[in-house]
Amino acid sequence: MDKAAGKNSAGGELFPRVEPFARRMLDVGDGHKVYYEQCGNPTGMPVVVLHGGPGGGCSPAMRRFFDPDKYHIILFDQRGCGRSRPHASVEANTTWHLVADIEKIREAVGVDRWIVFGGSWGATLSLVYAQAHPDRAAWLVLRGVFLGTKPELDWFYGGGAGKFFPELWTRFTDLIPAEEHGDLIAAYHKRLFSGDRVEETAYAKAWAGWENALASIESNGAMVDSPAEYARAFARLENHYFANRVFLDDQQQILDNMRKIAHVPGTIVQGRHDMICPPHTAWALHKAWPTSEFRMVPKAGHALSEPGIAAELVRTMNRLARQRATLGL
């Protein structure tokens, strides 16, 4: 879950635009090649950026949360989206494949430990990755927390958020026959994987439009018309993951395993008015994670582009840059 890549004209105190010093396609097996890039200082503090969605892809704006003189910034497009290939593919595409891909990228760029920076679905993946490889994460910086549980999906695809945006919810649900409204994830799944490219694209745009319209506190109720290829990858991957409960063993897997990363410090940045990932989830994570710090942004929704969220993330990264020796990076 995240605002569309390419839509992140993030405000706040971002650093100037920076171009990668290296771009690569990494063969991760299973027929997948993953795009990754490196920016900033090759000898700086390593930070890996995990984008949202699933299926959102990384964008140039995501490079700008880090001082390029102090950070070695690693971004990548997760399987099936962005510049990774094959595009919009859900074959061999699970949370655990992505965790393995992150480790392959870490080895490819030659870093031992790094800061893990992720928002929305990227926060989910950051936590699962850190729990699988606790010695590789020096700090977690999370925004708009999503833990992959059924209540969270029910909120967004079962009518909870729709009570605040009834006209948009009606537009999203009216594409589906009334008898299928009891499980809209399944109903959209059938159409996103119908084999009819025109039908898949139409429903993909509706799926992406519903989420993107609620991403910002500044939303005026307008549905965002995402580019067809972006929408198809975003919707198919996100729906595939949500239909499979993001491939976690049980609904509380992340919270139940926080003991594995009790020694790993972290910062949680949460928008007070996040309609996609409401704040109570971030608060539950904070309470289960003694080494975390919690930053509630009062006038902000979900998107990375919210000025208050962007500014808080930049402040966090600037502070961590001053703690390099302490973090052992």
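Summary of computed values
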read-out: Sole residue being open to solvent by 10 Å² or more (accessible area, probe 1.4 Å), farther than 24 Å from P307 by Cβ, among the small types (G, A, S) and in contact with a Lys or Arg (Cβ under 9 Å, 6 or more places away or on another chain), chosen from A243, A228; value: A228
read-out: Filter result (at positive phi and among the aliphatic types (A, V, I, L, M)) within the stretch 286-329; value: none
read-out: Per-region count, the stretch 47-63, residues open to solvent by 10 Å² or more (accessible area, probe 1.4 Å) and closer than 17 Å to R106 by Cβ; value: 1
read-out: Yes/no for Y203 being touching a Lys or Arg at 6+ places or on another chain (Cβ under 8 Å), closer than 21 Å to G82 by Cβ, open to solvent by 10 Å² or more (accessible area, probe 1.4 Å) and part of a helix (DSSP H, G or I); value: yes
read-out: Wholly enclosed helices (runs of 4 or more DSSP H) of the stretch 225-329 bearing at least 3 residues within 19 Å of the chain's Cα centre (by Cα); value: 228-243, 253-256, 279-287, 307-321
read-out: The stretch 247-298, subset touching an Asp or Glu at 6+ places or on another chain (Cβ under 8 Å) and surrounded by fewer than 16 Cβ atoms within 10 Å (Cβ to Cβ), residue farthest from Y157 (Cα to Cα); value: D256
read-out: Total residues in the stretch 47-77, condition among the hydroxyl-bearing types (S, T, Y) and not in a loop (DSSP other than H, G, I, E, B); value: 1
read-out: Verdict on Y129 being closer than 30 Å to H189 by Cα, touching a strand residue (DSSP E or B) at 6+ places or on another chain (Cβ under 7 Å), buried (at least 21 other Cβ atoms within 10 Å of the Cβ) and hydroxyl-bearing (S, T, Y); value: yes
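Listed here are the residues, each with its yes/no results for (1) under 18 Å from the mean Cα position of the chain (by Cα); (2) open to solvent by 10 Å² or more (accessible area, probe 1.4 Å); (3) among the small types (G, A, S).
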site	(1), (2), (3)
F65	yes, no, no
Y71	no, no, no
I74	yes, no, no
Q78	yes, no, no
A88	yes, no, yes
T94	yes, yes, no
R106	no, yes, no
V111	no, yes, no
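The values are calculated or read from the model by the stated rules, or taken from the named source; none is laboratory data. Everything numeric here is computed off the predicted structure, so don't read it as measured data. Here the Cβ is made from the backbone with ideal geometry for all residues, glycine too, and neighbour counts use every protein chain on show. SASA here: full protein model, heavy atoms, side chains in, ligands and nucleic acids out. Shrake-Rupley method; radii C 1.70, N 1.55, O 1.52, S 1.80 Å.
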